[in-house]
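Before any comments, here is the structure.
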Amino acid sequence: MKLHDMLTELRQAEVFDLQMLEVLSGQNRNVLRVQLHRWISDNKITALRRGLYTLSEGLAGSRQSARLANMMVRPSYLTGLWALSFYGLIPEAVHEFTSATTTYKQVYENAFGRFSYRRLKADAFRGWNEIEYGDTRIRLATPAKAVLDHLYWTPGDPIQIMNVLRFQPEDVTDFSWESLSTYAAAWGSPRLVRFAAKAPAEFCGDWEEI
């Protein structure tokens, strides 16, 4: 079977592995491995990580990369610095796609970008929604949960950490101090609870250019 004969199924799946190709093609796995290497060499298929692939068409665009971030490791949702930049909670653009997962810490680089996954315990794997993002949908932390996820993974004083990032929540309508306190309390981390209590008084007004 040629790649063209499987395009409909592969586009629908978005990501696929050797086993799926084997089912769709009906070919022997050893023969299929050789063919897969040819498709990768011909830039028809792109390896996302070991054993996981996608079609190379439409490589450009952060929307596709954000969608792939959700699919490369499951379960996962986008959060941390990428989400803070997405919401406008920090002024800098962030190009690395940071995600939370209940599996283990891992980092991948491919033609779509750099993808990092940080572990959360199952009871902290919450505070995310599935939203429309252009012509696709992604799983993304709420603004408050993205803040707490980043602080949970980053050692140091939370107030200082967010000051360095130039945290600017006042103009983000989806951000809620109440949600921040609720997530922190549910997490049960004294460090995050203290941050949620102090932060409203610390982060108000506009940043001034130095």
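What follows is calculated from the coordinates using simple rules that are stated; it is not laboratory data. All of these numbers come straight from a predicted model, not from anything done at the bench. FYI the Cβ positions are ideal-geometry reconstructions off the backbone, even for glycines, and counts take in every protein chain you see.
Just a few scattered comments:
- Cβ crowding within 10 Å, taken as a proxy for footprinting-reagent exposure, orders T173, T142 from fewest neighbours to most as T173, T142.
- Candidate lysines - alpha carbon under 19 Å from K105, same-chain residues fewer than 8 apart omitted: K121, K145
- Stretching the chain fully between N163 and T8 yields a gain of 51.0 nm (0.36 nm per residue, less the alpha carbon separation).
- Helix axis angle, 143-153 relative to the chain longest principal axis, alpha carbon, degrees: 90 degrees
- Note: relative contact order over region 34-106, using C-alpha pairs below 8 Å and six or more positions apart, is 21 percent.
- Helical contribution to [θ] at 222 nm, DSSP H n ≥ 4, -39,500 (n - 2.57), averaged over the chain, rounded to 500: -12500 deg cm²/dmol
- Estimated FRET transfer efficiency (T182, Q27; beta-carbon r; R0 35 Å; 0.05): 0.10
- Listed by chain and number, the aspartates and glutamates whose C-alpha is less than 20 Å from the C-alpha of K2, apart from same-chain residues fewer than 8 away, are E14, D17, E22, D42, E57.
- Region 73-99 and region 134-167 have their alpha-carbon centroids 7 Å apart.
- Gain in span if fully extended, S41 to R137, counting 0.36 nm per residue against the direct Cα distance: 31.6 nm
- The angle separating the long axis of helix 177-187 from the principal Cα axis of greatest extent in the chain is about 70 degrees.
- If R0 equals 25 Å, the separation of the Cβ atoms of D17 and R126 corresponds to a calculated FRET efficiency of about 0.30.
- Calculated semi-axes √(5λ) of the Cα gyration tensor in Å (choose from (1) 50, 23, 14; (2) 39, 17, 14; (3) 64, 24, 16), label: (2)
- Listing L165, L18, L48 from fewest to most neighbouring C-beta atoms within 10 Å gives L18, L165, L48.
- Helix axis angle, 29-41 relative to the chain longest principal axis, alpha carbon, degrees: 70 degrees
- About the Cα centre, charge dipole magnitude for the chain (Lys/Arg +1, Asp/Glu -1 at Cβ), debye: 1100 debye
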